[in-house]
Amino acid sequence: MAQTADYRLGPHTFARGWHMIADASTVQAEPVAIRFFARDMVLYRGQSGTPHLVDAYCPHMGAHLARNETSYIVRDAQRIDGESIRCPFHGWRFGPDGVCNHIPYSDQRIPQAARIASWPVIERAGVIWMWHDEEGNAPDHELPEFAAWDDPSWVRWVIDDLGELPQHPQEVFDNMTDFAHFVPIHGSCDVEYFVNEFDGHIAWQYFGAGHRTLVSAPGQLLKTDTWYTGPAILQSKMLGDYPTHMLIAHTPVEDGRIRVWHALMVKTDKAQATDADVPAARAYQQASLDAFAQDFEIWKYKRPALSPLKVRGDGPVEKGRTWYRQFYNPIAEAPRIQTNVNGIYATVDKRTQAAA
């Protein structure tokens, strides 16, 4: 299992950026114990329904805030108090900022050290996202809007939780620039164009090609626009009779191990999607998941590509890895790294200039 240092990405172990941490539908009344970035955390909803994320362990005597079913604080439904969470061991209460705001049995002034780490979270598009930055900076880029989620003509996705993968996220991102895998892995043929663009914190892949099974007429192209926002959120739009919008998200659990999710929304030909549209949309999502599984199987069993043996036609893999380094370096270094890689790189482009 290769780690960040093996890829020589930068001084930070984990990438700066927005990361998925939960399918929002799985976070209800009870706090949820999660582990990401080699750290135990607790995700909970305040009484307003707003999600909050704090460190898992009480600084008083080390109890886990979520892993308890027998304390009377839990039995009496006192663990969530307003927007705060109460420790099941001695009842210390912590706000969403991580600061202890009540010790039920003591009239002493609350010690300044009575606090736990907390992180910014946003619930959007059926997902709970956290901002992670080892330097503790505020977000330097926005979380995507996922506008299709709020468009009633689309059938919203459900989340496919694919579990953990023993790979560094660099190996997953490499697919963005790896032109040569599309024919043997995904069945592409008659490639019209494969173009990458790097623009600040966003990396694009534009792809148009035939397919062995998914097109019905000679010369017909499947066209996809795929992009990363930051280091861990991939979206992809495919045009057709029923346009689709795919999500792939991956978040480090440990250095060199990630958790992966997949989802797909489908646009109907109606102003308002109905229940009758759901089965077809779920079939589209399954087909998308099946295609993603072809990549996933490779990642599951491959060894890390620390120094790929590249040949002409592979695609701009090194440019992609340079772009990825911005998230593992101090935030002040990001503009310099972006300047060094920003631009358009065409591996294949048979279109006319006007079409391109």
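Here is how the numbers come out for the structure above:
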{"read-out": "Looking only at the range 195-220, and only at residues there that are small (Gly, Ala, Ser), in contact with a Gly (Cβ under 9 Å, 6 or more places away or on another chain) and modelled with pLDDT under 95, the one that is most open to solvent (accessible area, probe 1.4 Å)", "value": "219"}
{"read-out": "Filtered residue count, the range 65-80, keeping only those that are open to solvent by less than 60 Å² (accessible area, probe 1.4 Å), more than 19 Å from residue 121 (Cβ to Cβ) and out of contact with any helix residue (DSSP H, G or I) (no Cβ under 6 Å at 6 or more places or on another chain)", "value": "3"}
{"read-out": "Of residues in the range 292-302 being open to solvent by 40 Å² or more (accessible area, probe 1.4 Å) and in contact (Cβ under 8 Å) with a residue 40 or more places away in the chain, the one farthest from residue 264 (Cα to Cα)", "value": "302"}
{"read-out": "Qualifying residue in the range 262-271 (condition: closer than 14 Å to residue 156 by Cβ, in contact with a strand residue (DSSP E or B) (Cβ under 7 Å, 6 or more places away or on another chain) and open to solvent by 20 Å² or more (accessible area, probe 1.4 Å))", "value": "yes"}
{"read-out": "The range 318-349, subset out of contact with any helix residue (DSSP H, G or I) (no Cβ under 9 Å at 6 or more places or on another chain) and either at pLDDT below 95 or part of a helix (DSSP H, G or I) (or both), residue least open to solvent (accessible area, probe 1.4 Å)", "value": "331"}
{"read-out": "All positions within the range 275-291 that are buried (at least 19 other Cβ atoms within 10 Å of the Cβ) and touching a residue at least 60 places away in the same chain (Cβ under 8 Å)", "value": "277, 281, 285"}
{"read-out": "Residue in the range 300-317 that is touching a helix residue (DSSP H, G or I) at 6+ places or on another chain (Cβ under 7 Å), under 30 Å from residue 11 (Cβ atoms) and part of a strand (DSSP E or B) present", "value": "no"}
{"read-out": "Enumeration of residues in the range 1-19 that are in contact with a strand residue (DSSP E or B) (Cβ under 6 Å, 6 or more places away or on another chain) and either surrounded by fewer than 22 Cβ atoms within 10 Å (Cβ to Cβ) or assigned to a loop (DSSP other than H, G, I, E, B) (or both)", "value": "14"}
{"read-out": "Residue list for the range 105-142, filter: open to solvent by 70 Å² or more (accessible area, probe 1.4 Å), more than 30 Å from residue 328 (Cβ to Cβ) and not acidic (Asp, Glu)", "value": "105, 108, 109, 112, 113"}
{"read-out": "Residues located in the range 152-186, provided they are open to solvent by 10 Å² or more (accessible area, probe 1.4 Å), in contact with a Lys or Arg (Cβ under 9 Å, 6 or more places away or on another chain) and either in a loop (DSSP other than H, G, I, E, B) or aromatic (Phe, Trp, Tyr) (or both)", "value": "152, 154, 158, 166"}
{"read-out": "Single residue of the range 30-49 satisfying the filter (closer than 19 Å to residue 134 by Cα and of a type in the set (Phe, Trp, Tyr)) that is surrounded by the fewest Cβ atoms within 10 Å (Cβ to Cβ)", "value": "37"}
{"read-out": "Residue satisfying all of: in the range 221-233; closer than 24 Å to residue 16 by Cβ and touching a Leu at 6+ places or on another chain (Cβ under 7 Å); surrounded by the fewest Cβ atoms within 10 Å (Cβ to Cβ) among these", "value": "226"}
{"read-out": "Residue identified as assigned to a strand (DSSP E or B) and more than 27 Å from residue 1 (Cβ to Cβ) among 193, 228", "value": "193"}
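The values are calculated or read from the model by the stated rules, or taken from the named source; none is laboratory data. The shown structure was predicted, so the numbers you read here are calculated from the model rather than taken from an experiment. Using ideal geometry, Cβ is built from the backbone for each residue, glycine included, and neighbour counts are taken over all protein chains shown. We work out accessible area using only protein heavy atoms, side chains counted, and drop any ligands, DNA or RNA first. Shrake-Rupley method; radii C 1.70, N 1.55, O 1.52, S 1.80 Å.
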